[in-house]
Amino acid sequence: MDVHRRRPAKAPPPRTGGGAQRQKHSQPSPRASDALPLPLYLTNTIFFTLFFSAAYFLLHSWRDKIRTSTPLHVVTLYEIGAIVSLMASFIYLIGFFGIDFVQSFIARSSHDDWDVDDQNERFFIPEDSRRDPMPMPMPKLVDQNPSSEVDEEIIESVVAGITPSHLIESKLGDCKRAAAIRREAVQRVTGRSLVGLPLDGFDYESILGRCCEMPVGYVQIPVGIAGPLLLDGREYSVPMATTEGCLVASTNRGCKAIFASGGASSELLGDGMTRAPVVRFGSAKRAAELKFFLDDPVNFETIAVVFNSSSRFARLQGIRCTIAGKNLYIRFTCSTGDAMGMNMVSKGVQNVLDTLQNDFPDMDVIAISGNFCSDKKPAAVNWIEGRGKSVVCEAIIKEEVVRKVLKTNVAALVELNMLKNLTGSAMAGALGGFNAHASNIVSAVFLATGQDPAQNVESSHCITMMEAFKGGKDLHISVTMPCIEVGTIGGGTQLASQSACLNLLGVKGSNKESPGLNSRLLATIIAGSVLAGELSLMSALAEGQLVKSHMKYNRSSKDVSATTPKG
């Protein structure tokens, strides 16, 4: 039954250039399972038959008892024997297949939707650059300290396409070793070096089946701290992961100005993740009928019960529909606790679609996401209605602080904001981009705290407002951000580095007393950080400091040519 336990009848032909010698030494050492006799297969057959026969007998016996109203706990001698046989055969089969069988099944299932042919999987390289396949299959290995010869055999099997790259972890049971083997296979296939991409010092077990498939290392991004940010009466040290010089320093200066002026305040305007499937009917009339059905408040409570049953935290807030011909786009909005919530809302939507299919059997579900959500794309629906957390943050910066810390004046900032962030963005036809560089701060905090960096697209929607205050002496500045999509559990937040940054902010994990409070607090911190970043950059632009500061902090005089890896 286990093809990996039988050796091929004929050894593969030797390779040129010393390959034969290497292949000779890379043969695995004989194992006890290689000499297993034929009765093992007979034993498997007996226990399989015993298992299903006992299960079949018990099911029929219990069905007869139900029909005759006989108590199920009253058992006969035959039933006791069947129960014992069922348990014995089940224990044998579990012991025979073991955990390797379960891991292989899970790994294969998780890749069915994108792996067409496991046996022919390569690294998507031209056909003429691939090596000749090795006829000998890779043995299933579970030892944690293999010899280099065994690793070499696995590498050659991956390079040749015999062993699918995504199954290395399940075959070895060692994620770090699997990453090292895959890394070497990629280098041989591509002929390119990965020197400089770190491999050691990372917990590859933590990303298996969660964050990243087929890892070969990890990318280092330095993390700086801006702050303290005084927001709503509390101080925060804001972690920012970035490779852009001046960004942390500039945000830090904005935090200093806000702190010296008494701090900033924020308000959460909304909290709801969205998902919008697209369904199609045979006519526009039928599509409109479903729209009217979903728009009816009488039906909302019923739909909400179905939606909310998918999760402890998902709570349906609203449904908005729009029609394009005979196609209907249904935008669901729901709260998601401390999770960012994309998977949560998708499960709820699937429940509703399955239920609607009973009343609208002619409904054809084209996709669970029809882009009316809208996720990871700039969209007016998000800018107007919001998605994720909608936050407004404001501060009054004193005239003395504007002059001494920001090195400019209130009138210059107000004029620049009107001409740049408002008029200039309008002239460019901006969509949610009425700001100086909100995306800079959002991306840096996203990377540091394990958020989905692709959602920076809509999360950076922001309008920055500046007005003279107290007769023109002080500055009132605000940022309004309708689409901050963050979570403090799930995804990349579980990784050690990102978890540490969340802990620094005091928002790690789920809030036990009030689910959703941590993610909402993180969103307000991001908005406060954007406020600081906007304030500092606009001041630099108003006084012509931008180029000077970048030349000072974003240029290195160090000669790195001697340490730059070749190849």
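The values are calculated or read from the model by the stated rules, or taken from the named source; none is laboratory data. Note that the coordinates shown come from a computational prediction; the quantities given were computed from them, not determined experimentally. Heads up, the Cβs are rebuilt from the backbone with ideal geometry, glycines too, and the neighbour counts pull from every protein chain shown. Areas reflect the complete protein model, heavy atoms only, side chains present, ligands, DNA and RNA absent. Shrake-Rupley method; radii C 1.70, N 1.55, O 1.52, S 1.80 Å.
The table below lists the values:
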{"item": "Residues located in region 19-56, provided they are modelled with pLDDT of 80 or more and either open to solvent by less than 90 Å² (accessible area, probe 1.4 Å) or not hydrophobic (A, V, I, L, M, F, W, C) (or both)", "result": "Thr49, Leu50, Phe51, Ser53, Ala54, Ala55, Tyr56"}
{"item": "Within region 448-567, helices (runs of 4 or more DSSP H) holding 2 or more residues that are modelled with pLDDT of 95 or more", "result": "456-459, 496-505, 517-542"}
{"item": "Looking only at region 348-388, and only at residues there that are open to solvent by less than 10 Å² (accessible area, probe 1.4 Å) and part of a helix (DSSP H, G or I), the one that is nearest to Glu458 (Cα to Cα)", "result": "Asn382"}
{"item": "Single match in Ala426, Ala436, Ala430 (criterion: open to solvent by 10 Å² or more (accessible area, probe 1.4 Å) and assigned to a helix (DSSP H, G or I))", "result": "Ala426"}
{"item": "Neighbours by Cβ (under 6 Å, 6+ apart or cross-chain): first from region 503-531, closer than 19 Å to Ser265 by Cβ; second in a helix (DSSP H, G or I) and not hydrophobic (A, V, I, L, M, F, W, C)", "result": "Val507/Asn518"}
{"item": "Where Val402 falls short, out of the listed (1) assigned by the TED database to the domain that holds Asn308; (2) open to solvent by less than 70 Å² (accessible area, probe 1.4 Å)", "result": "(1)"}
{"item": "Meets criteria (open to solvent by less than 60 Å² (accessible area, probe 1.4 Å) and not assigned by the TED database to the domain that holds Gly509) for Gly282", "result": "no"}
{"item": "Answer from Ala249, Ala257 - the residue that is of a type outside the set (D, E, K, R), surrounded by fewer than 19 Cβ atoms within 10 Å (Cβ to Cβ), under 30 Å from Met481 (Cα atoms) and assigned by the TED database to the domain that holds Leu475", "result": "Ala249"}
{"item": "Any pair with Cβ under 6 angstrom, 6 or more apart, that starts in region 181-198 at a residue that is among the small types (Gly, Ala, Ser) and ends at one that is assigned to a helix (DSSP H, G or I)", "result": "Ala185/Ile155; Ala185/Val158; Ala185/Val159"}
{"item": "Set Val401, Val410: member being among the β-branched types (Val, Ile, Thr), in contact with a strand residue (DSSP E or B) (Cβ under 8 Å, 6 or more places away or on another chain) and over 15 Å from Val530 (Cα atoms)", "result": "Val410"}
{"item": "Selected residue [under 22 Å from the mean Cα position of the chain (by Cα), under 30 Å from Asn409 (Cβ atoms) and open to solvent by less than 40 Å² (accessible area, probe 1.4 Å)] from Ile484, Ile525", "result": "Ile525"}
{"item": "Total residues in region 150-166, condition in contact (Cβ under 8 Å) with a residue 40 or more places away in the chain, over 13 Å from Val186 (Cα atoms) and not β-branched (Val, Ile, Thr)", "result": "2"}
{"item": "Wholly within region 147-241, helices (runs of 4 or more DSSP H) carrying at least 2 residues that are open to solvent by less than 30 Å² (accessible area, probe 1.4 Å), acidic (Asp, Glu) and outside the structural domain of Ser529 (by the TED database)", "result": "148-160"}
{"item": "Near pairs, Cβ below 9 angstrom, 6+ apart or cross-chain, from region 246-270 (farther than 30 Å from Thr333 by Cα and of a type in the set (Lys, Arg)) to any residue that is assigned to a helix (DSSP H, G or I) and open to solvent by less than 50 Å² (accessible area, probe 1.4 Å)", "result": "Arg253/Ala532; Arg253/Leu535; Arg253/Ser536; Arg253/Ser539; Arg253/Ala540; Lys256/Val401; Lys256/Ala532; Lys256/Ser536"}
